[in-house]
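The structure appears right after this line, and notes come after that.
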Amino acid sequence: MKTYGLPFFSLLVLAAVMTLACGSPRKIVNNCGPVAPSNSTGSLESVTLCPPVADAQQYPGGQVSFAAIGVYTTQPSPALISTGVMWGACQGEAATNDVSVANGVAKCASGASGTYTVWGTGTASVICNVIGPCGACGPTGTAQLTCP
């Protein structure tokens, strides 16, 4: 009969404790810590984009995947916002076509160079008539994207 020893047993106990210690299922989103799934019924108070800073040259195909994380008035909070996010990009306070953002995935256009602001506005429960070049019309999070 094979014996596994103390290191194996310690790892097994550690894995069990970590599994049982989490009261609700959370996952790591873009290296930004544990976030609950998007099932909060509370009002959205604020939005954070993750990662907060990215260089397109360091991502496959120059495509950077951003996640919108919302802080809600009820638990679970913070929580990943999986639907109802309006995405865009600007440079300074002006709209730009140098960066496109679709479903949270940002890509620099050919020839784009410099630092741009990627924004995500949580608009699921808000009717937007006017959106500024850098978001708004509801809680908005921003991140910086550097294009080569």
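Taking region 77-95 as the search range and keeping residues that are touching a residue at least 24 places away in the same chain (Cβ under 8 Å) and part of a loop (DSSP other than H, G, I, E, B), which one is farthest from residue 33 (Cα to Cα)? Quick ask: steps written out before the conclusion?
Residues of region 77-95 that are touching a residue at least 24 places away in the same chain (Cβ under 8 Å), as a first pass: 77-91, 93-95.
Next, only the ones that are part of a loop (DSSP other than H, G, I, E, B) stay: 77-78, 81-84, 93.
Working: 77: 13, 78: 10, 81: 15, 82: 16, 83: 20, 84: 22, 93: 30 Å.
Only one residue fits best here, namely 93.
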Only one of these conditions is not met by residue 33: (1) free of Cβ contacts under 8 Å to residues at least 12 places away in the same chain; (2) surrounded by 14 or more Cβ atoms within 10 Å (Cβ to Cβ); (3) at positive phi. Which number is it? (2)
Consider residue 74 carefully, then state whether it is touching a Gly at 6+ places or on another chain (Cβ under 7 Å), in contact (Cβ under 8 Å) with a residue 12 or more places away in the chain and not in a strand (DSSP E or B). yes
Qualifying residues in region 36-74 (those that are touching a helix residue (DSSP H, G or I) at 6+ places or on another chain (Cβ under 9 Å) and surrounded by fewer than 19 Cβ atoms within 10 Å (Cβ to Cβ)) - the one modelled with the lowest pLDDT: 62
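Among the listed residues 68, 112, which satisfies the condition of being of a type outside the set (Ser, Thr, Tyr) and in a strand (DSSP E or B)?
Details: 112 fails: in a strand (DSSP E or B).
Being of a type outside the set (Ser, Thr, Tyr) and in a strand (DSSP E or B) holds for just one of 68, 112, which is 68.
The values are calculated or read from the model by the stated rules, or taken from the named source; none is laboratory data. In this text the structure is predicted, and so the values were computed from the model without any measurement. Glycine gets a Cβ as well: all are built from the backbone with ideal geometry, and neighbour counts include every protein chain shown.
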